[in-house]
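Since the structure comes first, as structure tokens, the remarks are kept for the end.
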Amino acid sequence: MFTRSIAAAIALGFAIASPAAAQMMAPEGAGVYFVNLSDGDTVSSPVKVVFGLSGMGVAPAGTEKENTGHHHILIDRPPLGEGEEGELTYGLPADDNHKHFGGGQTETMLELAPGEHTLQLVLGDMNHVPFDPPVASDVITITVE
């Protein structure tokens, strides 16, 4: 019992001492975009996705360098800021709807089932937190045959 109380107190201390990640500022005019896909495109799977970025640089996750970040793709979910609560301040989750490219990748192949899919690119900082203001593409809808 005593050990559990000590462990709980230590955990609470870490939680209090560990504030939420602060959003890094994005330079004016920074943007991400799909190089090879447009809204309404019909494609086949696997889908090649090439990421475009202007006004900033790409660096692997964990790299603390001003005006750099790494790409994320949001798949089949609401636009950034309308999805997971806290994603703008605490970071993007990693799951089937949120693909992380923390190695600094600038393209990928996505296996998508036949049908309509929505995609959005988002640039995250070293901790996967979107910038302020968010550096995000428009949501596009593609159809996979």
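Place +1 on the Cβ of every Lys and Arg and -1 on the Cβ of every Asp and Glu in region 2-144, take the dipole about the Cα centre, and give the residue among Ala26, Ala136, Pro114 whose Cα lies farthest towards its positive end.
Ala26
Roughly how big is region 2-144's charge dipole about its Cα centre, with Cβ charges of +1 (Lys, Arg) and -1 (Asp, Glu), in debye to the nearest 20?
Taking the Cα centre of region 2-144 as origin, the dipole is about 460 debye.
Percent antiparallel among DSSP beta bridges with both residues in region 2-144, to the nearest 5?
85
Quick check: residue separation of Glu145 and Val35 times 0.36 nm, minus the Cα distance between them. What number comes out in nm?
Here the segment from Glu145 to Val35 would lengthen by 37.6 nm.
Under a point spin-label approximation (7 Å from Cα along Cα-to-Cβ), what is the Met25-Ala113 distance to one decimal in nm?
4.5
In percent, how large is the relative contact order of region 2-144, given Cα pairs closer than 8 Å and 6 or more residues apart?
Taking the mean separation of contacting Cα pairs over the length of region 2-144, I get 33 percent.
Give the dimensionless ratio obtained when the Cα radius of gyration of region 2-144 is divided by 2.2 N^0.38 Å.
1.20
Return the loop-located GluC sites (Glu not before Pro) in region 95-143 (DSSP other than H, G, I, E, B) with at most 14 other Cβ atoms within 10 Å of their own Cβ; answer none if there are none.
Glu111
Highest first, please rank the peptides 77-86, 134-143 by the mean number of other Cβ atoms sitting within 10 Å of their residues.
Result, highest mean Cβ count within 10 Å first: 134-143, 77-86.
Along the Cα→Cβ direction, 7 angstrom out, place labels at Asp132 and Glu66. What is the inter-label distance in nm?
1.7
Each reported figure results from applying straightforward, stated rules to the coordinates on display, with no laboratory input. This one's a predicted model, so the numbers in the text were calculated from it and none came from an experiment. Heads up, the Cβs are rebuilt from the backbone with ideal geometry, glycines too, and the neighbour counts pull from every protein chain shown.
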